[in-house]
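Student: Input: one structure, supplied below.
The values are calculated or read from the model by the stated rules, or taken from the named source; none is laboratory data. Computed from a prediction, not measured in an experiment: that's the story for all the values here. Neighbour counts are summed over all protein chains in view; Cβ atoms, including those assigned to glycine, are modelled from backbone coordinates with ideal geometry.
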Amino acid sequence: MRLRSSHSSFQGSFPKTQASSLYRNIAFGFLGLTVLIVIGVLWISSVHARVTVKVRRDSTEIQSAIEVARNPEQNQLRGRVVQGTFEKIQEFSVKDSSSTEVPDDVVVQGTVKIINNYSKPQTLVKTTRLLTADGRLYRIDKNVVIQPKQSVTVSAHSDKKGKDYILPPGTKLTIPGLWIDLQKWIYAETVSGFSGGQQLGKVVSSMDVYDAKKALEDAVFEQAKKTLKAEAGVGDDWQAVYQKKLIDSKTNVSPGQKSDQFLASVKLDVSAIFYPKKDMDTLVRQKLKERLPDGRDITNFDSSAVAFKIESLDVQNEKASLSFSAKASTKLTQNSPLLSKDAIAGLSLEEAKTKLLSIDGVEAVNIQIQPTWIGKLPTMKDHIEMLVQ
């Protein structure tokens, strides 16, 4: 009975030894798998890539408009709108000169302007005398009537012959035939120089007339700028866009006529829109950025190169519209969707290079992967460093 009982106990213990071995093998298997997973994770986490992208600087140009108002509303720029009419009369010398030598037996001739600063009109008859301060006598060639506060031009000649009677322009002459107290109010000045032979010694050319009008227009415009700026009451940190319109331009001679001197007059209508330079630069730059695609930024902007043009004016309400053309240098940045890390994660080195070089604006690509023997970029974008130059 005891032998049978011992045999039964031995048979019951054998399966337990097999189960322990199975469990041990499973444990070792899980341990090995865990080690492999840890190694894999460590390997994956150790892969890093640095991608350096060299981008091109491109020129971006826009055309847009800006509203300017003295009392600006939303989306309008603070400014001043002023306007005025300006004119000027000036005497010019003729450049194309002929001989100025005067024989002793020739009457000297020229043109004078007779000025009446008195309160009543004055009539002067032909041959009325004109006298220089040193006693040289001249006579006018026709009857003239000079209204109060006005002047007239008339030809005149020397009372005697000879080169001693030559006079330069701007010489003052009295009228001895007038009452002595009236002579200080009514007098004459030479307009053209008095020379011998014919009345006029030089020929007026088209270039003389053009140059005179251009010089006079420039002078009037410069004066208008100063006057309008003073009227607007703005400082040196403000700039202006001007619009000028030629109302009248004339001379008292025509090309081909003979004259030593001539008068030219110009009349301009000038409008000005004044604005703070800093505010305008900021607004133009903002409009430039609004026109750029996502991921592009301005690298260089020259505000002095912005070209403005007046489109409309409301002088009474001091409102105006300005159109402008502006250029800026721009480039791709790291914020560009085209340079997203997601777009190249997990790609081979060559695939990533090809994809990046196909982007408009990219000039060169350099990719460095650690460890160096790995041929692909990390699949995790956090392990990719993107540098845009």
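Student: When you look at residue 366, is it polar (S, T, N, Q), closer than 30 Å to residue 72 by Cβ and surrounded by fewer than 14 Cβ atoms within 10 Å (Cβ to Cβ), yes or no?
Tutor: Working: polar (S, T, N, Q): yes; closer than 30 Å to residue 72 by Cβ: no; surrounded by fewer than 14 Cβ atoms within 10 Å (Cβ to Cβ): yes.
No.
Student: Could you identify the single residue in 223, 286 that is in a helix (DSSP H, G or I) and farther than 27 Å from residue 75 by Cα?
Tutor: On inspection, the qualifying residue turns out to be 223.
Student: Right, here's the next one. Here's a check for you: in region 300-333, which residue that is of a type in the set (Val, Ile, Thr) and touching a helix residue (DSSP H, G or I) at 6+ places or on another chain (Cβ under 9 Å) is surrounded by the fewest Cβ atoms within 10 Å (Cβ to Cβ)?
Tutor: The residue in question is 333.
Student: Still on this structure, please answer the following. Mind checking which residues of region 131-150 are touching an Asp or Glu at 6+ places or on another chain (Cβ under 9 Å) and not in a loop (DSSP other than H, G, I, E, B)? Walk me through it before giving the result.
Tutor: Filtering region 131-150 for residues touching an Asp or Glu at 6+ places or on another chain (Cβ under 9 Å) gives 136-139.
Those that are touching an Asp or Glu at 6+ places or on another chain (Cβ under 9 Å) and not in a loop (DSSP other than H, G, I, E, B): 137, 138, 139.
Student: Taking residue 363, is it modelled with pLDDT of 90 or more and either among the small types (Gly, Ala, Ser) or more than 22 Å from residue 293 (Cα to Cα) (or both)? Walk me through it before giving the result.
Tutor: Values: modelled with pLDDT of 90 or more: yes; either among the small types (Gly, Ala, Ser) or more than 22 Å from residue 293 (Cα to Cα) (or both): no.
In short, no.
Student: Continuing with the same structure: Considering each residue of region 136-185, count those that are closer than 22 Å to residue 93 by Cα and modelled with pLDDT under 90, and give that number.
Tutor: Number of matching residues: 8.
Student: Additional query: Evaluate the following for residue 279: is it surrounded by 13 or more Cβ atoms within 10 Å (Cβ to Cβ) and within 16 Å of the chain's Cα centre (by Cα)?
Tutor: yes
Student: Looking at residue 317 and the list (1) in a loop (DSSP other than H, G, I, E, B); (2) out of contact with any Lys or Arg (no Cβ under 9 Å at 6 or more places or on another chain), which single condition is not satisfied?
Tutor: Among (1) in a loop (DSSP other than H, G, I, E, B); (2) out of contact with any Lys or Arg (no Cβ under 9 Å at 6 or more places or on another chain), residue 317 violates only (2).
Matching residues to (1) surrounded by 14 or more Cβ atoms within 10 Å (Cβ to Cβ); (2) at pLDDT below 90; (3) touching a Gly at 6+ places or on another chain (Cβ under 9 Å); (4) not in a loop (DSSP other than H, G, I, E, B):
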position: 3; (1), (2), (3), (4): no, yes, no, yes
position: 14; (1), (2), (3), (4): no, yes, no, yes
position: 18; (1), (2), (3), (4): no, yes, no, yes
position: 31; (1), (2), (3), (4): no, yes, no, yes
position: 41; (1), (2), (3), (4): no, yes, no, yes
position: 64; (1), (2), (3), (4): yes, no, no, yes
position: 71; (1), (2), (3), (4): no, no, no, no
position: 81; (1), (2), (3), (4): yes, no, no, yes
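Student: Considering (1) within 30 Å of residue 69 (Cβ to Cβ); (2) surrounded by 17 or more Cβ atoms within 10 Å (Cβ to Cβ), say which one residue 361 fails and leave the rest.
Tutor: The single condition residue 361 does not satisfy is (1).
Student: Let me ask something else about it. Can you tell me which residue among 152, 112 is buried (at least 18 other Cβ atoms within 10 Å of the Cβ) and either under 48 Å from the mean Cα position of the chain (by Cα) or under 19 Å from residue 257 (Cβ atoms) (or both)?
Tutor: 112
Student: Here are 224, 240, 232: which of them is touching a strand residue (DSSP E or B) at 6+ places or on another chain (Cβ under 8 Å), free of Cβ contacts under 8 Å to residues at least 60 places away in the same chain, surrounded by 14 or more Cβ atoms within 10 Å (Cβ to Cβ) and farther than 30 Å from residue 155 by Cβ?
Tutor: Working: 224 fails: free of Cβ contacts under 8 Å to residues at least 60 places away in the same chain; 232 fails: free of Cβ contacts under 8 Å to residues at least 60 places away in the same chain.
Checking each option against the conditions leaves just 240.
Student: Give the number of residues within region 156-184 that are aromatic (Phe, Trp, Tyr) and either in contact (Cβ under 8 Å) with a residue 40 or more places away in the chain or touching a strand residue (DSSP E or B) at 6+ places or on another chain (Cβ under 6 Å) (or both). Before the answer, list the steps.
Tutor: Of region 156-184, the ones aromatic (Phe, Trp, Tyr) are 165, 179.
Then drop every residue that is not either in contact (Cβ under 8 Å) with a residue 40 or more places away in the chain or touching a strand residue (DSSP E or B) at 6+ places or on another chain (Cβ under 6 Å) (or both), which leaves 165.
Residues in region 156-184 being aromatic (Phe, Trp, Tyr) and either in contact (Cβ under 8 Å) with a residue 40 or more places away in the chain or touching a strand residue (DSSP E or B) at 6+ places or on another chain (Cβ under 6 Å) (or both): 1 in total.
Student: Considering each of 218, 208, 279 in turn, give the residue that is closer than 30 Å to residue 164 by Cβ and part of a helix (DSSP H, G or I).
Tutor: 208
Student: Related question: Identify all residues within region 175-196 that are of a type in the set (Ser, Thr, Tyr) and farther than 17 Å from residue 152 by Cβ; write none if there are none.
Tutor: The one that is of a type in the set (Ser, Thr, Tyr) and farther than 17 Å from residue 152 by Cβ: 195.
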